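The values are calculated or read from the model by the stated rules, or taken from the named source; none is laboratory data. Keep in mind that this is a model prediction, so the values were computed, not measured. No Cβ is skipped: glycine too gets one built from the backbone with ideal geometry, and neighbour counts run over all protein chains shown. Just the protein is used for accessible areas: all its heavy atoms, side chains included, with ligands, DNA and RNA removed. Shrake-Rupley method; radii C 1.70, N 1.55, O 1.52, S 1.80 Å.
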Amino acid sequence: MKRTFYLLILLCLLSFKWTFAQQITLSDKATISVMTCGAGDVLYYSFGHSAFRVQDPAQGIDVIYNYGTFDFNRPNFYLNFTKGKLIYSLSRRSFDRFLYEYELDKRWVKEQILNLTPKETNEMFQFFEQNYLPENREYLYDPLFNNCSSITGVVLKNQFGSRITFKDHHLTEQKTFRNLVHEFIPINSWGAFGIDLAFGGITDRKASAIEQMFLPYYAHEQLKNTTIDDQPIVKRERTVLEYPEVKKGSIFITTPMFWFLILLGLVIAITYLDRKHGFRSKILDFSLFFLSGFAGCFILLLWLATDHEVTRFNLNFIWLLPFNTYMAFTVSKSAGFPKWLKTYLLVALGGIVIMMLLWIFGIHAISPLNLFLMAALSIRYLFLYNKIK
């Protein structure tokens, strides 16, 4: 009996796969929707999610095509992520299974049914099926320029070409990519601090209406202001799951500002004691130089040695000098500083001033949290300069 039962399940699965493998024709009752899901309380859920839904009640079809699928178990996953070669893929699953996850997380889900003819609905369905083939389903992910949400606009544009128009009259201002990200992640958080440090100057340019669709919330709003043949692309909208927005907050003691204040306080206190007693904390100097230099090296590698778009033209290396990794071993010595160390310290201080000016004049944004780190480095640079003098 068990073998018969398992055989029946296998036959059902094969039948399902075979049915979808055929180029079936959807009925006139079929619809295609864009699903928008609310943000979650962890970093990778902070921006929400977008997916497509194909529903045909006449044939019992109700599936989600999800371009936001990745596999942690993929070989060299973390290395590929660092190198900017992270592979995402299109997955297909039942609508019920898709919705169940958001019910568990208590995240809202909204549906925008597209204003398409039966012919257009079938063509788009066949596009998804073709795209779902193993040789087509994978794509190179980029958090701002090629993700599960930005693909919404790309798919519609590829399907309908010049017939579709993404209007921007609803936008009160044109924001930069970095500012858009900040709307979903609190500035005083480790996630925002890391993103600001890694993102390059390319993210400080203003995003167009269609580019803002990299954020599901903005994609949802943009579809309301998109037309096909001068008619609204959204036929109607409904709320599938209704939950309040997930509150994003943290205890101050766990935030970067708290720990950077502690660090700055320690640097001020140790420097004061060093100056008063004619001493010098080599451990503090080594730590500050090595960690800042390591961060500078990592920033340059993200820009020059990876395929990431968002990390290009990152000028944070101007104040996080990569050469500080070498200088860490130099300043950890008890005596015998090289003569050029004073000049280097002035250059390091100048780098901090230059980065501050770039920020003030809007050329390259930095996290306000960096000011605490800049102050800590500046205090130690000045102390060492006067010590040598």
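Across the options Ile388, Phe98, His220, the greatest Cα extent toward the positive end of the charge dipole of the chain (unit charges at beta carbon of Lys, Arg, Asp, Glu) belongs to Ile388. In order along region 161-166, the phi-based Karplus estimate (6.51 cos²θ - 1.76 cosθ + 1.60, θ = phi - 60°) of 3J(HN,Hα) comes to x, 6, 5, 9, 10, 9 Hz; Gly and Pro are listed as x. Placing unit charges on the Cβ atoms of the charged side chains and taking the dipole of the chain about its Cα centre, the candidate lying farthest along the positive direction among Pro338, Leu291, Gln59 is Pro338. Of the peptides 55-61, 255-261, the order by per-residue mean of other Cβ atoms within 10 Å, starting with the highest, comes out as 255-261, 55-61. Ordering of 158-164, 245-251, 319-325 by packing is 319-325, 158-164, 245-251, highest average first (other Cβ atoms within 10 Å, averaged per residue). In the chain, the DSSP-assigned H stretches of four residues or longer account for a calculated mean residue ellipticity at 222 nm of -15000 deg cm²/dmol, using -39500 (n - 2.57) per stretch and the full residue count as denominator. With every protein chain in place and a 1.4 angstrom probe, the accessible-area ranking of Cys37, Cys297, largest first, reads Cys297, Cys37.
Considering only protein heavy atoms and a 1.4 Å probe, what is the carbon-and-sulfur percentage of the accessible area of the chain?
Result for the chain: 63 percent of the exposed heavy-atom area is carbon or sulfur.
With the contact rule set at Cα under 8 Å and sequence spacing of 6 or more, what percent relative contact order holds for region 142-226? Walk me through the intermediate numbers first.
Values: 81 pairs, mean separation 41.5, N = 85.
Reported as a whole number, the value is 49 percent.
Past the 26 Å Cα-Cα mark, which pairs from Lys157/Lys247; Lys106/Lys157; Lys276/Lys333; Lys167/Lys206; Lys282/Lys342? Could you put the intermediate results ahead of the total?
Working: Lys157/Lys247 34 Å; Lys106/Lys157 32 Å; Lys276/Lys333 20 Å; Lys167/Lys206 16 Å; Lys282/Lys342 17 Å.
Lys157/Lys247; Lys106/Lys157, as the Cα separations exceed 26 Å there.
Tell me the angle of helix 2-21 to the major Cα principal axis of the chain, expressed in degrees between 0 and 90 and rounded to the nearest ten. Tilt relative to the chain: about 90 degrees. Heavy-atom accessible surface of the chain, averaged per residue, reaches 53 Å², computed with a 1.4 Å probe.
Put simply, the amide H of Gly68, placed in the peptide plane, has neighbours under 5 Å in Ser91, leaving out anything fewer than 5 places away on its chain. For the chain, relative contact order (Cα pairs under 8 Å, six or more residues apart, normalised by length) works out to 17 percent. State the Cα centre-to-centre distance between region 232-270 and region 142-174 in whole Å. Using only Cα atoms to place each centre, the spacing works out to 27 Å. Computing FRET efficiency as 1/(1 + (r/R0)^6) for Phe329 and Tyr139, where r is the C-beta to C-beta distance and R0 is 35 Å, gives about 0.20. Working note: Karplus 6.51/-1.76/1.60 with θ = phi - 60° gives region 245-261 the couplings 4, 5, 6, 10, x, 8, 6, 4, 5, 9, 8, x, 4, 4, 6, 6, 5 Hz, where Gly and Pro are set to x. Where does helix 282-304 land angle-wise versus the long Cα axis of the chain, in degrees 0 to 90, nearest 10? The two axes meet at around 40 degrees. Can you compute the modelled spin-label distance between Glu245 and Glu183, with each label point 7 Å from Cα toward Cβ, in nm? Between Glu245 and Glu183, the simple spin-label model gives 1.0 nm.
For Glu123, the solvent-accessible surface with a 1.4 Å probe is about 90 Å², rounded to the nearest 10. Taking 0.36 nm per residue of sequence separation and removing the Cα-Cα distance, the Ser162/Leu104 pair yields an extension gain of 16.8 nm. Can you tell me the 0 to 90 degree angle between the C-alpha axis of helix 95-105 and the longest principal axis of the chain, rounded to 10? Taking the Cα atoms of the chain, the angle to 95-105 is about 40 degrees. The candidate values are [x] 199; [y] 116; [z] 188; the one derived from this structure for volume of the Cα convex hull per residue in Å³ carries the label [z].
Spacing of the modelled spin labels on Arg93 and Asp307, each 7 Å from Cα toward Cβ, amounts to 2.6 nm.
Here the contact order of region 322-389, divided by its residue count and restricted to Cα pairs under 8 Å and six or more residues apart, works out to 38 percent. Seen from Phe279, the other residues with C-beta closer than 13 Å to its C-beta sum to a net charge of +3, counting Lys and Arg as +1 and Asp and Glu as -1.
The 3J(HN,Hα) values that the Karplus relation (6.51, -1.76, 1.60; θ = phi - 60°) gives for region 183-195 are, in residue order, 5, 10, 10, x, 4, 8, 9, 5, x, 5, 4, x, 5 Hz. Gly and Pro appear as x.
Between beta-carbons, use under 10 Å as the cut-off and find the net charge around Ile113, counting Lys and Arg +1, Asp and Glu -1.
Combined, the nearby Lys, Arg, Asp and Glu give +2.
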